[in-house]
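Take a look at the structure set out below.
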Amino acid sequence: MTRIYANPGLTRRMTFSAAAMVAVGLYGLWELWSAAEAGAGAGSTGYLFGVAFVGGAIYGFRQIATEARDLVATLDLDPAGGTAVATLWRPLGLQRLETPLARFSNWRFHVRIGARNARTFFLYADHSGYPRPLQFDLRHGVTVTDGLRAIAGEAVAEFERAVRPRPAPAPGPPPAAP
């Protein structure tokens, strides 16, 4: 197997984020428990903090799970056998899609516009055994290999055109002096 795509640090970042949400949720449960143990005269601050932390943990974990569910961590290719293995992050482990390369189809380039017009570049690919398009994040540090270029040539070429530095405008005549 030859690794043709790797998103460095994806599994570490997602696992750390999920662990942080679990810690926040446990702190919220502890706040709720300690507020209940304090009795009626203690006020409602503990309950408010507990509900806020538990609710925030549920929301944060849901965001992590939905944002990263289709991100590919690695893609390995066996050129001799024609099989590919895509690895996706899951909260309780990694999911491996080991199939013939032909099941990956419809490679396309996608730009996601975020806050302050920040652009994040992706390659999307459909897989016949997976319900949503697989997302290959092309952040800084991700190298486009020749193997990925061979199987998704049009999409990679479109990405490279989008990130290619623009040539400086040709210098024109100097402005006229008044």
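The values are calculated or read from the model by the stated rules, or taken from the named source; none is laboratory data. Keep in mind it's a predicted model, so treat the numbers as computed, not measured. Here the Cβ is made from the backbone with ideal geometry for all residues, glycine too, and neighbour counts use every protein chain on show.
Of all residues in the stretch 129-178, those being surrounded by 10 or more Cβ atoms within 10 Å (Cβ to Cβ), aliphatic (A, V, I, L, M) and over 22 Å from Pro8 (Cβ atoms) number 1. Of the strands (runs of 3 or more DSSP E) lying entirely inside the stretch 41-154, those containing at least 2 residues that are of a type outside the set (S, T, N, Q) and more than 14 Å from the chain's Cα centre (by Cα) span 72-78, 83-90, 93-100, 104-113, 119-127. Determine whether the stretch 8-31 contains at least one residue that is outside any helix (DSSP H, G or I), in contact with a helix residue (DSSP H, G or I) (Cβ under 7 Å, 6 or more places away or on another chain), closer than 27 Å to Phe104 by Cα and not β-branched (Val, Ile, Thr). The answer is no, given that none of the residues of the stretch 8-31 is outside any helix (DSSP H, G or I), in contact with a helix residue (DSSP H, G or I) (Cβ under 7 Å, 6 or more places away or on another chain), closer than 27 Å to Phe104 by Cα and not β-branched (Val, Ile, Thr).
Check whether at least one residue in the stretch 78-86 is in contact with a strand residue (DSSP E or B) (Cβ under 7 Å, 6 or more places away or on another chain), among the hydroxyl-bearing types (Ser, Thr, Tyr) and within 26 Å of Ala162 (Cα to Cα), and report yes or no. Looking for residues that are in contact with a strand residue (DSSP E or B) (Cβ under 7 Å, 6 or more places away or on another chain), among the hydroxyl-bearing types (Ser, Thr, Tyr) and within 26 Å of Ala162 (Cα to Cα), one finds none in the stretch 78-86, hence no. Restricted to the stretch 82-113, and to residues there that are farther than 23 Å from Ala20 by Cβ, among the β-branched types (Val, Ile, Thr) and in contact with a helix residue (DSSP H, G or I) (Cβ under 9 Å, 6 or more places away or on another chain), the residue that is surrounded by the fewest Cβ atoms within 10 Å (Cβ to Cβ) is Val111. Taken as a whole, the stretch 59-68 holds at least one residue that is surrounded by 13 or more Cβ atoms within 10 Å (Cβ to Cβ), touching a strand residue (DSSP E or B) at 6+ places or on another chain (Cβ under 8 Å) and either of a type in the set (A, V, I, L, M) or at pLDDT 90 or above (or both).
Please specify each residue of the stretch 12-54 satisfying the condition of being closer than 30 Å to Thr87 by Cα and surrounded by fewer than 13 Cβ atoms within 10 Å (Cβ to Cβ).
Arg12, Phe16, Ala19, Ala23
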